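Okay, so here's the structure we're looking at.
Values quoted throughout were computed directly from the atomic coordinates according to the rules given, and no laboratory measurement underlies them. This one's a predicted model, so the numbers in the text were calculated from it and none came from an experiment. Please note: Cβ atoms are built from the backbone with ideal geometry, for glycine as well, and neighbour counts cover all protein chains shown.
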Amino acid sequence: MRKRDLIKAMGRCAGLGLAALFVLSLAAVPAGAAEFKKEYKMQLNVGPTFYWGMGAVKFAELAKEKTGGRINIKPYFGSSLLKGHQLKSAQLVATGVIDCALESTINISPVISECNVFSLPFFINTYENLDKMENGKTGKAIFDAMEKKGLIGLAWGENGFRQVTNSKRAIRTPEDVKGMRLRVVGSPIFIDIFRQLGADPVDMNWGDAVTAFQQGVVDGQENPVGVLVPVQIWQYHKYATFWNYLVDPLIFYWNKKDWQAFPKDIKKALKEAALEAAEFEKALCRAGLDGEKSINLLKSKFKHTMDIPEPVKHMEAKGMTVTFLKDEERKAFIEATKPVFDKWVKELGSDLYEKAKADIKK
């Protein structure tokens with residue numbers, strides 16, 4: 001009903017009282033306007049200056065644009081919605097306490113155990129293999145598992161291949177890791193990998209880890225480049241080894257119940273927004289690590305220029321010794337971690353593992 005017609009109708013109904021006016025006011029509300037929340041809360045673990053955080057901001061911007069302002073997503077950074085309990089994201093999104101998330105597969109692996117396929121030591125190794133898995137039967141199997149738990153996977157983002165840094169020595173052989181006290185993610189597979197290599201893995205939050213680095217109580221840690229550069233890891237460690245021992249994909253996901261209630265056009269718009277934001281966020285993580293591919297994509301499609309286009313050279317300029325494993329050296333680590341690999345393949349189930357192998361072979 002147009003405003004002019006509404007005023008005329010209200011005049012005609014002046015003697016009918018408040019009930020008639022209320023009905024008329026409802027008729028003036030656009031269809032579907034009451035279907036959407038004022039704000040959709042989005043959980044992520046890092047701050048807005050990390051590539052992960054920038055991907056969340058991009059998703060929120062694109063979602064608002066593509067839905068004509070009907071869906072307003074607000075990223076909550078630094079696990080503020082979880083009060084420090086980083087592994088609770090999947091549970092809280094599934095129950096609807098939080099609407100959506102951009103989350104690491106490592107952090108949702110306690111709920112979606114299939115995500116541990118990305119943490120099999122020295123299995124994936126390359127961006128090409130990772131992309132094949134995410135876009136193949138492996139990725140579908142993981143999204144299917146998420147749906148059974150009340151989550152809808154929208155797109156694959158990235159935190160990156162995880163590299164190791166330390167203050168003691170360059171790591172080229174399994175023997176070089178022995179005896180090192182290393183801060184790791186608290187996931188059981190990480191603990192298993194480093195214990196198998198003879199290290200002393202320690203699960204602690206980043207603030208405590210920094211203090212431990214400064215005091216010399218902890219020798220090193222492992223993280224992707226997209227984390228190493230923002231935290232200025234060279235302040236604590238001189239040595240970095242790029243070994244791509246496992247990878248940390250991110251997933252854009254939504255509460256299933258709310259997702260199913262959205263009309264088709266909203267679902268389509270949000271899916272498109274997630275895919276585009278994921279493409280942007282992945283390119284940020286890979287820039288300078290996959291030749292010119294991601295840097296060129298950022299410039300041509302997203303009009304974005306990297307502040308640090310060559311992260312390895314940047315780390316070296318800050319005084320770090322950066323080591324890349326040769327094929328023979330990598331084989332030694334593969335052999336050394338084989339017991340852990342075999343254990344976790346059984347945990348995953350042969351079906352998912354075979355899907356991953358088949359995807360990689362394509």
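Can you name the residue in region 116-130 that is farther than 16 Å from L348 by Cβ and over 15 Å from the mean Cα position of the chain (by Cα) and, of all such residues, is surrounded by the most Cβ atoms within 10 Å (Cβ to Cβ)?
Step one: list which residues in region 116-130 are farther than 16 Å from L348 by Cβ, which gives 125-130.
Still in the list and also over 15 Å from the mean Cα position of the chain (by Cα): 125-129.
Working: N125: 17, T126: 13, Y127: 20, E128: 11, N129: 18.
Ranking the candidates gives Y127 first.
So, in region 308-362, exactly how many residues are aliphatic (A, V, I, L, M), more than 22 Å from K132 (Cα to Cα) and touching a residue at least 60 places away in the same chain (Cβ under 8 Å)?
Initial filter on region 308-362 (aliphatic (A, V, I, L, M)): 308, 312, 315, 317, 320, 322, 325, 332, 334, 336, 340, 345, 348, 352, 356, 358, 360.
Of the ones still in play, those that are also more than 22 Å from K132 (Cα to Cα) are 308, 312, 315, 317, 320, 322, 325, 332, 336, 340.
Of the ones still in play, those that are also touching a residue at least 60 places away in the same chain (Cβ under 8 Å) are 308, 312, 315, 320, 322, 325, 332, 336, 340.
Of the residues in that region, 9 qualify.
Taking the condition of being touching a residue at least 24 places away in the same chain (Cβ under 8 Å), surrounded by fewer than 20 Cβ atoms within 10 Å (Cβ to Cβ) and closer than 12 Å to M315 by Cβ, how many residues in region 233-265 meet it?
So the count comes out to 4.
If the requirement is being over 17 Å from K357 (Cβ atoms), of a type in the set (S, T, N, Q) and surrounded by fewer than 19 Cβ atoms within 10 Å (Cβ to Cβ), which of these qualifies: S104, S113, S109? Please lay out each step first, then the result.
Numbers: S104 fails: surrounded by fewer than 19 Cβ atoms within 10 Å (Cβ to Cβ); S109 fails: surrounded by fewer than 19 Cβ atoms within 10 Å (Cβ to Cβ).
Matching residue, one of S104, S113, S109: S113.
Given region 172-241, what helices (runs of 4 or more DSSP H) lie entirely inside it while holding 2 or more residues that are touching a Ser or Thr at 6+ places or on another chain (Cβ under 7 Å) and among the β-branched types (V, I, T)? Explain how you work it out, then say what you get.
Values: elements: 174-177, 188-196, 206-215, 225-228.
Of the helices (runs of 4 or more DSSP H) lying wholly inside region 172-241, those with at least 2 residues that are touching a Ser or Thr at 6+ places or on another chain (Cβ under 7 Å) and among the β-branched types (V, I, T) span 188-196.
Run down N166, N159 and say which single residue is touching a Cys at 6+ places or on another chain (Cβ under 8 Å), buried (at least 24 other Cβ atoms within 10 Å of the Cβ), under 30 Å from T323 (Cβ atoms) and polar (S, T, N, Q).
Every option except N159 fails the conditions.
Considering only residues that are in contact with a helix residue (DSSP H, G or I) (Cβ under 8 Å, 6 or more places away or on another chain) and among the hydrophobic types (A, V, I, L, M, F, W, C), look in region 131-143 and name the one that is surrounded by the fewest Cβ atoms within 10 Å (Cβ to Cβ).
Looking at residues that are in contact with a helix residue (DSSP H, G or I) (Cβ under 8 Å, 6 or more places away or on another chain) and among the hydrophobic types (A, V, I, L, M, F, W, C), I get A141.
Give me a count of the residues in region 161-176 that are under 19 Å from L228 (Cα atoms) and either free of Cβ contacts under 8 Å to residues at least 24 places away in the same chain or of a type in the set (A, V, I, L, M, F, W, C) (or both). Even if it seems obvious, please write down each step before you answer.
Of the residues in region 161-176, the ones under 19 Å from L228 (Cα atoms) are 161-171.
Narrowing the set further to residues that are either free of Cβ contacts under 8 Å to residues at least 24 places away in the same chain or of a type in the set (A, V, I, L, M, F, W, C) (or both) leaves 161, 164, 170-171.
Going through region 161-176 one residue at a time, the tally reaches 4.
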